[in-house]
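Report on the structure given below.
The values are calculated or read from the model by the stated rules, or taken from the named source; none is laboratory data. None of these values were measured; they are calculated from a predicted model. Methodologically, a virtual Cβ is constructed for each residue, glycine included, from the backbone with ideal geometry; neighbour enumeration extends over all protein chains shown.
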Amino acid sequence: MPPRRQPSLLLPQSPLLLVLTSMEIGSILAMRAKIPQVQEALRKQGYPVFEERKVKHTQFVVSAEHSGMSTKEETVWGFLNAAKTHEITLTENRLTFLSAAYTTFEVFLSAFEAVLETAKTHIEPSLIHRIGLRYVDLIAPTEGNPLEKYVSPSLRGPESEEIGRRSAFVSQSFIATGVGHLMIRFGESDGGFAYPPDLLPLTLKLKHEPVRATPFGLLDLDHGAVGDLAFDIHTIVQKLWDLHDALANGFKHCTTPFARDEWAQTAPTP
């Protein structure tokens with residue numbers, strides 16, 4: 001494993017909701033036939049819960065022949081650990097590993113490497129078209145502290161008392177990093193469901209309750225690299241480290257020293 005280039009940011013009261021890495025692979029039309037072998041291998045690795053579900057994706061399509069909304073349904077195979085804190089999902093052209101019990105990147109990457117070994121043996125992917133790493137943080141201010149004490153002013157956009165009180169806000173930025181493109185999404189609300197809609201259905205048991213009755217912010221950092229790569233585990237691991245470093249810098253840029261100091265405090269004993 002490559003040496004860490006930045007010290008680990010250890011936050012006992014981390015706002016982290018979810019971490020995932022996802023790879024778009026060359027389509028494998030015979031994926032369904034491979035699922036029994038994959039399921040047996042992952043079951044022995046500690047992922048005994050199996051789910052098959054249909055997911056619909058809606059997008060706006062513009063072409064010379066047609067423009068409008070297009071809906072596509074795909075089959076997703078999910079493999080979860082018994083605690084439902086980790087999940088592997090497969091489609092005909094995507095492999096994703098999600099964790100709601102993240103500790104360090106090294107631990108996360110070690111678990112994913114085992115998944116890659118299983119994929120190499122039983123799925124035999126040829127190409128990776130895109131590889132991404134994504135961190136989602138639920139920022140829930142403690143009593144007496146407004147949300148602006150936790151996030152960079154650049155994320156929150158304009159606000160004016162002359163217009164009125166803002167009850168919700170969403171922003172999205174794209175940054176070229178040299179490794180790929182980093183998408184920074186930030187949303188805030190007075191309450192509601194704090195979970196990225198594109199990751200539904202929610203199958204994992206999260207550390208933080210996503211249904212909120214008080215103001216919150218959802219910080220979503222998604223760093224991806226596009227370009228055909230051979231399915232080589234060493235290359236994949238190196239690419240994920242490169243993606244990780246920019247994400248770590250992005251988190252520090254998007255949050256305030258006050259927030260990181262609060263999250264660094266040891267959680268009180270119940």
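Look at segment 111-131: where a residue is closer than 15 Å to Ser99 by Cα and a partner is surrounded by fewer than 13 Cβ atoms within 10 Å (Cβ to Cβ), sitting 6+ places away or on another chain with Cβ atoms under 9 Å, you get Glu113/Met1. When Arg94, Arg130, Arg134 are checked against the criterion of being charged (D, E, K, R) and closer than 19 Å to Ser14 by Cβ, a single residue qualifies: Arg134.
Of all residue pairs spaced 6 or more apart or on separate chains, those with beta-carbon atoms under 7 Å, a first member in segment 25-50 that is closer than 19 Å to Ser99 by Cβ and a second member that is of a type in the set (D, E, K, R) and at pLDDT 95 or above are Val49/Lys84.
Considering Leu219, Leu240, the condition of being crowded, with 20+ Cβ neighbours inside 10 Å, in a helix (DSSP H, G or I) and either touching a His at 6+ places or on another chain (Cβ under 7 Å) or of a type in the set (A, V, I, L, M) (or both) is satisfied by Leu240 alone. Counting only residues that are in contact with a strand residue (DSSP E or B) (Cβ under 8 Å, 6 or more places away or on another chain) and of a type in the set (S, T, N, Q), which one in segment 99-136 is modelled with the lowest pLDDT? Filtering segment 99-136 for residues that are in contact with a strand residue (DSSP E or B) (Cβ under 8 Å, 6 or more places away or on another chain) and of a type in the set (S, T, N, Q), the one modelled with the lowest pLDDT comes out as Ser126. Taking segment 112-122 as the range and being touching a Phe, Trp or Tyr at 6+ places or on another chain (Cβ under 9 Å) and either in a strand (DSSP E or B) or of a type outside the set (D, E, K, R) (or both) as the test, the residues that pass are Phe112, Val115, Leu116, Ala119. When Thr91, Thr96 are checked against the criterion of being touching a strand residue (DSSP E or B) at 6+ places or on another chain (Cβ under 7 Å) and closer than 21 Å to Leu182 by Cβ, a single residue qualifies: Thr96. On inspection, Phe108 does not qualify as without any contact (Cβ under 8 Å) to a residue 60 or more places away in the chain and within 21 Å of the chain's Cα centre (by Cα).
Among the residues making up segment 15-48, those that are surrounded by fewer than 16 Cβ atoms within 10 Å (Cβ to Cβ) and outside any helix (DSSP H, G or I) are Gly26, Ser27, Leu29, Ala30, Gly46, Pro48.
Scanning segment 211-255 for residues that are within 18 Å of the chain's Cα centre (by Cα) and of a type in the set (Gly, Ala, Ser) gives Gly217, Gly224, Ala225, Ala246, Ala248, Gly250.
Condition check ((1) in contact with a helix residue (DSSP H, G or I) (Cβ under 6 Å, 6 or more places away or on another chain); (2) at pLDDT below 95; (3) over 17 Å from Asn81 (Cα atoms)) across all residues:
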site	(1), (2), (3)
Leu10	no, yes, yes
Ser14	yes, no, yes
Glu52	no, no, no
Val55	no, yes, yes
Phe60	no, yes, yes
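Inspect segment 99-111 for any residue being buried (at least 22 other Cβ atoms within 10 Å of the Cβ), assigned to a strand (DSSP E or B) and of a type in the set (A, V, I, L, M) and give the result as yes or no. Taking every residue of segment 99-111 in turn, none turns out to be buried (at least 22 other Cβ atoms within 10 Å of the Cβ), assigned to a strand (DSSP E or B) and of a type in the set (A, V, I, L, M). Considering segment 175-216, the residues that are out of contact with any strand residue (DSSP E or B) (no Cβ under 8 Å at 6 or more places or on another chain) and either of a type in the set (Lys, Arg) or under 18 Å from Thr96 (Cα atoms) (or both) include one that is surrounded by the most Cβ atoms within 10 Å (Cβ to Cβ), namely Leu202. Of the residues in segment 119-129, none is surrounded by 15 or more Cβ atoms within 10 Å (Cβ to Cβ) and either under 30 Å from Pro215 (Cα atoms) or basic (Lys, Arg) (or both). Asp232 falls short on exactly one of the conditions (1) surrounded by fewer than 19 Cβ atoms within 10 Å (Cβ to Cβ); (2) acidic (Asp, Glu); (3) modelled with pLDDT under 95, and that condition is (3).
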